[in-house]
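*Asks:* Can you read through this structure? Questions will come right after.
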Amino acid sequence: MVNTPRAAMQAVQQKLAEAGLDSVQFESRILLETVLELPCGAPLPQQPLTGAQQQRLAELTARRCAHEPLQYLCGTWEFFGLEFQVGEGVLIPRQDTETLVEAVLELRKNEPSTCLLDLCSGSGCIPSALSVHLSGVTGAVLELFAGDVLHPPAELLHRQFHIITCNPPYLTAADMEQLQPEVAREPETALFGGTDGLDFYRKLTPLWKPALQPAGWLVYEVGAGQAPDVEAILQKNGYAQVHTVPDLTGIGRVVLGQR
């Protein structure tokens, strides 16, 4: 019967495959877990889905087949062992960004405290993960500032931070023309970084340098292939020890420099 959890999941897999989606086994399982309110990877129950659960699963499946992001359908998504609420208008936390968190943890692993600022914060996944895994995190990470990162409050520029992290918009004009339908649902302001994708790096690097303590670090996430250009921007602005950290696939994903 299609109303058993396993049969329902198989039916969802088929619909997702017919819609041309990848990872249908994984996604059908996630959708079913969402409807049944199960922890990730929990054993499937034996009892049939209720009518309301069947209807909810059908609705989510149809929306996913229309390329609505899986993360938006779930309402939450995991990042660095933490669960974050996500929905329309929020940049979805991605595994690539975990490389940035790991780089900062390495920089500050022997320090008793860290004064931290996160720019272009989006869901807040970066400062949240760092606050959990670093001892003594203080600074603007404990406050929220709504405004233009290119025209910041003077009070922030006058503070002194050990670490400034930033995952800015970095997609190029060509990238924006070739977006997957799912990514196109995310806010454009969190994606588009100008014609060559480097606008924010050029503007933020000199602007926020005075907010770093002497020997403090500016830590960026970058797009594939952008690391050499972002390294050059940091070096041009007088940062020291500029280097790149690769992600798990070997792509240069994090570029950092020291004041």
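*Asks:* Output the qualifying pairs, or none if there are none: Cβ atoms under 7 angstrom, residues six or more apart or on different chains, first residue in region 68-82 and free of Cβ contacts under 8 Å to residues at least 24 places away in the same chain and outside any strand (DSSP E or B), second residue crowded, with 21+ Cβ neighbours inside 10 Å and not β-branched (Val, Ile, Thr).
*Replies:* Matching pairs, first to second residue: GLN71/TRP77.
*Asks:* Still on this structure, I have one more. Taking interchain pairs and intrachain pairs at least six residues apart, which have beta carbon atoms under 9 angstrom, with the first residue in region 26-37 and acidic (Asp, Glu) and the second open to solvent by 40 Å² or more (accessible area, probe 1.4 Å) and assigned to a helix (DSSP H, G or I)?
*Replies:* Listed pairs, sorted by first residue: GLU27/GLN13.
*Asks:* Let me ask you something else. Considering only residues that are aliphatic (A, V, I, L, M), over 17 Å from VAL90 (Cα atoms) and free of Cβ contacts under 8 Å to residues at least 40 places away in the same chain, look in region 125-144 and name the one that is most open to solvent (accessible area, probe 1.4 Å).
*Replies:* LEU142
*Asks:* List every residue pair whose Cβ atoms sit under 9 Å apart, with the two residues 6 or more apart in sequence or on different chains, where the first one lies in region 99-118 and is part of a loop (DSSP other than H, G, I, E, B) and the second, anywhere, is open to solvent by less than 10 Å² (accessible area, probe 1.4 Å).
*Replies:* If the second residue must be open to solvent by less than 10 Å² (accessible area, probe 1.4 Å), the pairs left are ARG108/THR114; ARG108/LEU116; ARG108/LEU130; ARG108/ILE163.
*Asks:* Related question: Quick check on my filter: what residues within region 121-158 are aliphatic (A, V, I, L, M) and farther than 19 Å from VAL219 by Cα?
*Replies:* The initial filter retains those residues of region 121-158 that are aliphatic (A, V, I, L, M), namely 126, 129-130, 132, 134, 137, 140-142, 144, 146, 149-150, 154, 156-157.
Hits for region 121-158 are LEU144, ALA146, ALA154.
*Asks:* May I pose another question? Quick check: anything in region 160-171 within 30 Å of LYS109 (Cα to Cα), modelled with pLDDT under 95 and open to solvent by 60 Å² or more (accessible area, probe 1.4 Å)?
*Replies:* Within region 160-171 (the criterion being within 30 Å of LYS109 (Cα to Cα), modelled with pLDDT under 95 and open to solvent by 60 Å² or more (accessible area, probe 1.4 Å)), the answer is yes, since at least one residue qualifies.
*Asks:* Right, here's the next one. Taking region 240-255, which residues are free of Cβ contacts under 8 Å to residues at least 60 places away in the same chain, in contact with a strand residue (DSSP E or B) (Cβ under 9 Å, 6 or more places away or on another chain) and either farther than 18 Å from HIS162 by Cα or crowded, with 20+ Cβ neighbours inside 10 Å (or both)?
*Replies:* If the condition is that a residue be free of Cβ contacts under 8 Å to residues at least 60 places away in the same chain, in contact with a strand residue (DSSP E or B) (Cβ under 9 Å, 6 or more places away or on another chain) and either farther than 18 Å from HIS162 by Cα or crowded, with 20+ Cβ neighbours inside 10 Å (or both), then THR244, GLY252, VAL255 are the ones that fit.
*Asks:* A further question on this structure: Just need a number here: residues in region 1-35 that are under 26 Å from the mean Cα position of the chain (by Cα), within 27 Å of LEU82 (Cα to Cα) and open to solvent by less than 60 Å² (accessible area, probe 1.4 Å).
*Replies:* So the answer is 11.
Here is a yes/no grid of residues against (1) modelled with pLDDT of 95 or more; (2) within 30 Å of ALA215 (Cβ to Cβ); (3) aromatic (Phe, Trp, Tyr):
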residue: LEU21; (1), (2), (3): no, no, no
residue: PRO39; (1), (2), (3): no, no, no
residue: GLY51; (1), (2), (3): no, no, no
residue: LEU100; (1), (2), (3): yes, yes, no
residue: ASN110; (1), (2), (3): no, yes, no
residue: LEU117; (1), (2), (3): no, yes, no
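*Asks:* Identify all residues within region 196-239 that are assigned to a helix (DSSP H, G or I) and of a type in the set (Ser, Thr, Tyr); write none if there are none.
*Replies:* Answer for region 196-239, where residues must be assigned to a helix (DSSP H, G or I) and of a type in the set (Ser, Thr, Tyr): TYR201, THR205.
*Asks:* I've got another one for you. If GLY147 passes every condition in (1) farther than 26 Å from GLY136 by Cα; (2) in contact (Cβ under 8 Å) with a residue 12 or more places away in the chain but one, which one does it miss?
*Replies:* (2)
*Asks:* Across region 187-206, what is the total count of residues that are under 29 Å from LYS109 (Cβ atoms) and open to solvent by 50 Å² or more (accessible area, probe 1.4 Å)?
*Replies:* Going through region 187-206 one residue at a time, the tally reaches 1.
*Asks:* Which condition does ALA184 not pass, out of (1) open to solvent by 50 Å² or more (accessible area, probe 1.4 Å); (2) more than 30 Å from LEU21 (Cα to Cα), if it passes all the others?
*Replies:* Single failed check for ALA184: (2).
*Asks:* Shifting gears a bit: Go through region 208-228 and give me each residue that's surrounded by 17 or more Cβ atoms within 10 Å (Cβ to Cβ) and over 19 Å from the mean Cα position of the chain (by Cα).
*Replies:* TRP208, LYS209, ALA211, LEU212, GLY216, TRP217
*Asks:* May I ask you to say which residue of PRO153, PRO210, PRO228 is on the phi < 0 side of the Ramachandran plot and in contact (Cβ under 8 Å) with a residue 40 or more places away in the chain? Steps first, answer last, please.
*Replies:* Details: PRO153 fails: in contact (Cβ under 8 Å) with a residue 40 or more places away in the chain; PRO228 fails: in contact (Cβ under 8 Å) with a residue 40 or more places away in the chain.
On inspection, the qualifying residue turns out to be PRO210.
The values are calculated or read from the model by the stated rules, or taken from the named source; none is laboratory data. Everything quoted here is computed from the prediction, not taken from an experiment. Neighbour counts are summed over all protein chains in view; Cβ atoms, including those assigned to glycine, are modelled from backbone coordinates with ideal geometry. Protein only, heavy atoms only, side chains kept; ligands, DNA and RNA dropped before computing areas. Shrake-Rupley method; radii C 1.70, N 1.55, O 1.52, S 1.80 Å.
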